[in-house]
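Only one structure is covered here, and it is reproduced in the block below.
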Amino acid sequence: MSFYVSTCQHVFCSECLLELPTKAGDCPICKTPTKLVQISKLRPNVAKVFKPVMPSAKAAVRSVHFQFQQAEQFVKLLNYLNASLKFEIEKNTQMSKMIRIELKSIRKRRRMSREFEFQRMLNPPPSLPDFRCENPLDSTFQDSD
């Protein structure tokens with residue numbers, strides 16, 4: 001039994017290659033055009049087998065590196081937005097507390113005002129004495145000569 005490796009880096013035994021239905025020149029696993037090289041003879045042909053793979057592998061590494069950088073930037077943006085959102089929530093929470101305190105104060109003043117009015121209705125203030133002076137020009141008041 002001998003083993004083979006494809007340029008797409010799949011490894012097969014000779015028996016499996018005979019059993020798998022595939023077009024000549026296509027990888028039985030991924031169906032991409034490939035060349036198979038026997039592993040026992042691989043040592044002298046390593047460069048030939050993997051040379052076509054290297055540029056695409058380098059491009060894949062660059063692509064993955066770029067995507068990783070993009071993901072890092074995205075995570076930084078998400079962290080910034082999260083911090084901003086927490087700040088806004090905290091600010092709104094403080095504003096809500098202040099508004100609740102102010103509303104409580106307004107309600108208390110209203111209640112006290114109503115209670116005061118109610119007490120005035122129940123206990124009106126005493127009437128003040130009449131300190132009005134009579135009008136000297138009034139006809140009812142006359143000098144006796």
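The values are calculated or read from the model by the stated rules, or taken from the named source; none is laboratory data. Note that this is a predicted model, so its numbers are computed, not measured. Reconstructed Cβ throughout: ideal geometry from the backbone, glycine too, with neighbour counts over all protein chains shown.
Being loosely packed, with under 10 Cβ neighbours inside 10 Å, at pLDDT below 70 and not in a helix (DSSP H, G or I), is that true of even one residue in region 10-29?
Looking through region 10-29, at least one residue is loosely packed, with under 10 Cβ neighbours inside 10 Å, at pLDDT below 70 and not in a helix (DSSP H, G or I).
Results for (1) at pLDDT below 90; (2) part of a loop (DSSP other than H, G, I, E, B); (3) under 30 Å from PHE12 (Cβ atoms); (4) not β-branched (Val, Ile, Thr), shown as yes or no for each residue.
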position: ALA47; (1), (2), (3), (4): yes, no, yes, yes
position: GLN69; (1), (2), (3), (4): yes, no, no, yes
position: LEU77; (1), (2), (3), (4): no, no, no, yes
position: ARG114; (1), (2), (3), (4): yes, no, no, yes
position: PRO129; (1), (2), (3), (4): yes, yes, no, yes
position: SER139; (1), (2), (3), (4): yes, yes, no, yes
